[in-house]
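In what follows, a single structure is set out as structure tokens and then discussed.
The values are calculated or read from the model by the stated rules, or taken from the named source; none is laboratory data. It should be emphasised that the depicted structure is a prediction, and the values quoted were computed from it without experimental measurement. Please note: Cβ atoms are built from the backbone with ideal geometry, for glycine as well, and neighbour counts cover all protein chains shown. Ligands, DNA and RNA are stripped out before the accessible areas are found, and what is left, the full protein with its side chains, is counted by its heavy atoms. Shrake-Rupley method; radii C 1.70, N 1.55, O 1.52, S 1.80 Å.
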Amino acid sequence: MAVVVKYVVERDGVERMTFTSKKEADAYDKMLDIAENLEGLLANADVPLSEQQVEGLALQIAKQKEDFMQVLKGVKPSDKKAEKKPKAQDSNDKVTELKAKEA
């Protein structure tokens, strides 16, 4: 029998997500904390938003916090689609010539 360790992120008695590593579970829990704090901030905004919109927007901002932080600092966020892909190597780059065995 195998023993499997699972890390469960729970909020208000509701299981939100299960992870196999503590690091991932902690990161998700932190993201939920950020989203919860953002909900309070967005609920007080002068823009009329429904409760569902506030929750969705807060969660999206929390998921992309690094990009939002760069924008707030005045830096254009990196576009993941525009990242340079490594050039395809020439098919002969990894070819090793073999010498025939002399008898």
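Summary table
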{"item": "Count - residues of the range 22-36 that are surrounded by fewer than 11 Cβ atoms within 10 Å (Cβ to Cβ) and over 15 Å from the mean Cα position of the chain (by Cα)", "result": "1"}
{"item": "Considering residues of the range 37-52 that are of a type in the set (Asp, Glu) and open to solvent by 70 Å² or more (accessible area, probe 1.4 Å) only, the residue modelled with the lowest pLDDT", "result": "46"}
{"item": "Subset of the range 53-70 (residues that are farther than 20 Å from residue 28 by Cα and open to solvent by 80 Å² or more (accessible area, probe 1.4 Å))", "result": "53"}
